[in-house]
Number of protein chains: 2
Amino acid sequence: MTAATSAPADPHSSATNPRRRVGRPAAAVLDQAGITLAALQLIGKSGYDGFTMAALARTLNVAPSALYNHVSSKRDVLVLVQDHLTSFVDVAAFESGPWEQAVRDWAWSYRDVFSKHTPLIPVIAVLPVADAPRTLAMYEAVSAGFSRAGFPQERIIPAIVALESFIFGSAYDATAPADIFDSGSMASSTPNFTSAVQRLAEDSHEKPADVAFSLGLEALLAGLGALRTA
Amino acid sequence: MTAATSAPADPHSSATNPRRRVGRPAAAVLDQAGITLAALQLIGKSGYDGFTMAALARTLNVAPSALYNHVSSKRDVLVLVQDHLTSFVDVAAFESGPWEQAVRDWAWSYRDVFSKHTPLIPVIAVLPVADAPRTLAMYEAVSAGFSRAGFPQERIIPAIVALESFIFGSAYDATAPADIFDSGSMASSTPNFTSAVQRLAEDSHEKPADVAFSLGLEALLAGLGALRTA
DNA sequence: CATCATAAATGAACGTCATTCATTTAGTGG
DNA sequence: CCACTAAATGAATGACGTTCATTTATGATG
């Protein structure tokens with residue numbers, strides 16, 4: 001039933017793919033950068049459900065086992081993807097702009113990037129920074145910004161971690177279905193909650209996840225900003 | 001190699017298990033509550049890696065397929081577990097105490113419960129509240145507390161969502177390895193970050209995750225509290 | 001130029017899981 | 001007493017991640 005079964009003989013066949021060969025190719029077909037880009041494309045096209053080692057190998061015209069010459073596990077690929085995505089997070093304003101706006105830019109872009117990649121969050125959250133150079137570079141830029149803004153050294157990391165925790169949680173929230181708060185048949189037994197949900201729906205035309213993110217971020221900005229020694 | 005293989009014949013055998021039978025037993029062996037408790041025990045003993053439908057069935061002296069008469073998928077079991085765990089989250093103070101302390105109690109207990117169950121977070125974050133009655137009850141208690149504390153109706157849900165996002169993200173952070181911020185060989189190229197990490201380690205004797213959680217929570221309390229109309 | 005170690009690919013296993021299904025059985029309502 | 005049905009079995013299925021023996025082109029070495 002599989003493709004391999006229906007085209008059994010002749011591994012040199014150029015009918016299926018002119019570039020397919022056996023043994024070492026003219027130049028290495030694979031490397032980590034190529035795998036990362038292919039993974040990113042595949043995820044974009046098929047989502048994380050369709051993201052399997054077999055599917056990834058297929059887009060690279062390679063056998064699944066070939067991938068293991070360049071990465072040691074699927075998790076490894078996810079780490080590569082994560083680190084690549086981090087380069088799309090906007091830290092520019094930390095170099096010059098005012099602290100509050102820099103954090104705003106950073107936080108919104110960080111959330112937006114990873115709300116499309118929530119399956120990476122369990123990976124990031126526990127990943128030693130040394131394993132992801134671009135992620136480390138992001139932390140350096142952010143830390144520098146906090147330092148310049150007058151934060152006491154020992155508060156910088158906790159403040160960043162707190163913001164990041166909020167961002168990761170919010171990335172999940174941004175993917176929640178619109179009717180997540182519909183209490184259905186139990187509405188009558190939860191009057192306070194139900195009326196709060198209704199009032200939100202009536203009053204606001206923005207996406208609920210954006211309202212919550214904005215509210216929380218501004219609260220954190222105000223609270224954390226108070227730590228600065230001007 | 002499996003137990004089934006090594007004890008092939010006679011399903012009525014009482015040697016392996018005196019209670020094992022074929023067909024409908026005197027009373028149903030399984031129900032959702034029993035499955036939930038068994039799942040919780042299994043997770044406690046073997047973690048989420050060891051939590052498989054086969055392992056769950058084994059602890060219940062039942063074939064894996066039998067579970068599917070009571071739940072429709074493994075995810076279903078996770079939802080049941082999640083809802084059960086939610087009953088351990090402390091919402092008592094919302095009924096009487098001052099708002100700030102109620103939120104503190106709630107947030108810390110919420111984080112503590114789910115930091116031991118982070119694989120549930122992707123499930124919770126996207127789960128319609130109607131599918132988890134105890135979770136819905138928690139929201140009702142919290143909403144009531146916010147209402148009583150003088151929050152405008154349309155801000156209650158966003159405020160709760162913001163707090164919850166922070167709590168979920170912090171639950172992940174609480175499980176991170178201690179050396180997560182060790183920048184290793186790249187330390188010299190990230191001076192700001194590295195010195196901030198060092199200063200934190202020197203100054204604080206508490207767990208870094210707790211410092212960050214406290215810092216973020218107090219900032220959110222201050223910022224969100226300002227929304228109240230006394 | 002011959003040879004040789006090696007990087008890098010293949011494809012055929014494996015083992016683990018969740019899930020499905022035909023079948024069997026034992027209570028229960030008519 | 002009988003038909004219905006809830007609830008269990010265990011065998012089968014199909015993904016999927018990963019391993020491994022094997023093969024081969026390539027570049028370095030002599």
To the nearest 10 degrees, how steep is helix A:99-115 against the longest Cα principal axis of chain A, on a 0 to 90 scale?
40
What distance in nm lies between label points placed 7 Å from Cα along the C-beta direction at A:A66 and B:Q101?
6.6
Identify the GluC sites (Glu not before Pro) of the range B:170-230 meeting these criteria: DSSP loop state and at most 13 other C-beta atoms within 10 Å of the C-beta.
B:E206
Which stretch or stretches of the range A:190-212 have amide N atoms under 16 Å from the point lying 7 Å from A:D112's Cα along the Cα→Cβ direction?
A:207, A:209-211
Net charge near A:A159: determine it from the other residues with C-beta under 12 Å of the C-beta of A:A159, scoring Lys and Arg +1 and Asp and Glu -1.
-1
Please compute the length gained on full extension between B:V126 and B:T59, using 0.36 nm multiplied by the number of residues separating them and subtracting their Cα-Cα distance.
21.2 nm
Shortest first and in nm with one decimal, please list how far the B:P64 label point sits from its counterparts in the other copies (point 7 Å along Cα→Cβ).
1.7
Filtering trypsin sites (Lys or Arg not before Pro) in the range A:75-158 by DSSP loop and by at most 12 other Cβ atoms within 10 Å leaves none
Rounded to whole Å², per residue accessible area for the range A:33-102 with a 1.4 Å probe reads 49
Cut-off 11 Å between beta-carbons: net charge of the residues surrounding A:Q198, Lys and Arg +1, Asp and Glu -1:
-3
Work through the residues other than A:P177 whose Cβ is under 13 Å from its Cβ and net out their charges, Lys, Arg +1 and Asp, Glu -1.
-3
Placing a label point 7 Å from Cα toward Cβ, how far apart in nm is B:A33 from its equivalents in the other copies, listed shortest first to one decimal?
6.2
Leaving out same-chain residues fewer than 8 places away, which lysines sit with a Cα under 29 Å from that of A:K45?
A:K74, A:K116, A:K207, B:K74
Tally up the carbon and sulfur contribution to the accessible surface of the range A:27-118 as a whole percent, 1.4 Å probe, everything protein left in place.
54
On a 0 to 90 degree scale, rounded to 10, what angle separates helix B:133-148 from the longest Cα axis of chain B?
20
7 Å along Cα→Cβ, label-point gaps from A:K116 to other copies, nm, shortest first:
3.9
For the pair B and A, how large is the buried accessible area, both sides, in square angstrom to the nearest 100, if the probe is 1.4 Å?
4900
Show that you can apply the helix-only estimate: for chain A, add -39,500 (n - 2.57) for every DSSP H stretch of four or more residues, divide by all residues, and state [θ] at 222 nm to the nearest 500.
-17500 deg cm²/dmol
Is the protein assembly as shown rounded, prolate or oblate when judged by the Cα gyration tensor, a ≥ b ≥ c being the square roots of its eigenvalues, rounded requiring a/c under 1.5 and prolate requiring a/b larger than b/c?
oblate
Relative contact order of chain B: what whole-number percent is it, with Cα pairs under 8 angstrom and at least 6 residues apart?
16
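The values are calculated or read from the model by the stated rules, or taken from the named source; none is laboratory data. What you are looking at is a predicted structure, and each value in this text was computed from that prediction instead of being measured. Glycine also receives a Cβ, built like all others from the backbone with ideal geometry; neighbour counts cover every protein chain displayed. The area values use the complete protein model at the heavy-atom level, side chains included, leaving out ligands, DNA and RNA. Shrake-Rupley method; radii C 1.70, N 1.55, O 1.52, S 1.80 Å.
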